[in-house]
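Following: one structure in structure tokens, then a few remarks.
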Amino acid sequence: MRLYDFSWSGNCHKIKLFTSIISLPIEIVPIDLLNAEHLRPPFQDLNPLCELPVFEDGTTVLRDSAAILVYLARRYGGEAWFPTEPEEMAQICQWFGTAAANVNFGPALARGARHFGYPADNAMVTRVSDRLFLALEKHLSSREWLELRRPTLADVAMFPYMASAPEGGLSLEPYEAIRHWIGRVESLPGYIAMPSVVAA
Ligand SMILES: N[C@@H](CCC(=O)N[C@@H](CS)C(=O)NCC(=O)O)C(=O)O
């Protein structure tokens, strides 16, 4: 099993975090995003969208962090992380959408703009992030995990770019419930941290 990876990518980190939690060994293939290796063959042939992560398992080749998480959970992780009961499955999928839209265009883009020169409209990033943080704070003020009263793929998908929001200049200080949830994820057996882009 092989992950095409960029070490500061939160989307790649979701896969490293989850495989570490379920003790699944994977090979890491570093792709030099900073020097545009993802825009050229052979990586471009694996994913014509030119985005990481890409995951290989035998002849299976998958792109998109949520799709890869689903594959890993169903194939190797047991029922708990991504159950097949319709309502439970849909509750988790809600957060895949939130991660790909609100988180991606909020805290992830704030970090990408500050450290990797991604073009961003600051007012829009702030507006998206503020709304997301308020909603998440409210959601987490009455529960420990995002769904199902236990850690699931929803927490894994939301975690890296929420935890690294301060690297994009977005403080989590006012959001106590979010900070406590981050602490709970960090306490999971097998947890691994994403390398800090600020310290680099
Ligand atoms: N929806 C995709 C988004 C993947 C994505 O945006 N990947 C970034 C790295 S975190 C990327 O490869 N960007 C390429 C680029 O900016 O040119 C996922 O969740 O995997």
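Rule-based calculations on the coordinates, nothing more; no lab input. Model, not experiment: these values are computed from the prediction. Don't worry about glycine lacking a Cβ; one is built from the backbone with ideal geometry, like all the others, and counts go over all protein chains shown.
Taking the Cβ of each residue in Phe159, Phe82 as the centre, tally the other Cβ atoms inside 10 Å and list the residues starting with the fewest.
Details: Phe159 26, Phe82 21.
Least to most surrounded, the residues fall as Phe82, Phe159.
By the scheme Lys and Arg +1, Asp and Glu -1, what is the net charge of all other residues having a beta-carbon under 10 Å from that of Ala163? With Lys, Arg at +1 and Asp, Glu at -1, the net is -1. Legend: ranking of residues Tyr191, Tyr175, Tyr161 from fewest to most surrounding C-beta atoms inside 10 Å; resulting order Tyr191, Tyr175, Tyr161. If you run the Gaussian network model on the chain, springs between alpha carbon atoms under 10 Å, then out of Glu88, Glu167, Glu147 the most flexible one is Glu88. DSSP beta bridges fully contained in the chain are about 65 percent antiparallel. Diffusion coefficient of the chain by Stokes-Einstein, Kirkwood radius over Cα pairs, 25 °C, 0.890 mPa s: 142 µm²/s. Dividing the summed helix terms, -39500 (n - 2.57) for each DSSP H run of n ≥ 4, by the number of residues in the chain produces a 222 nm estimate of -13000 deg cm²/dmol to the nearest 500.
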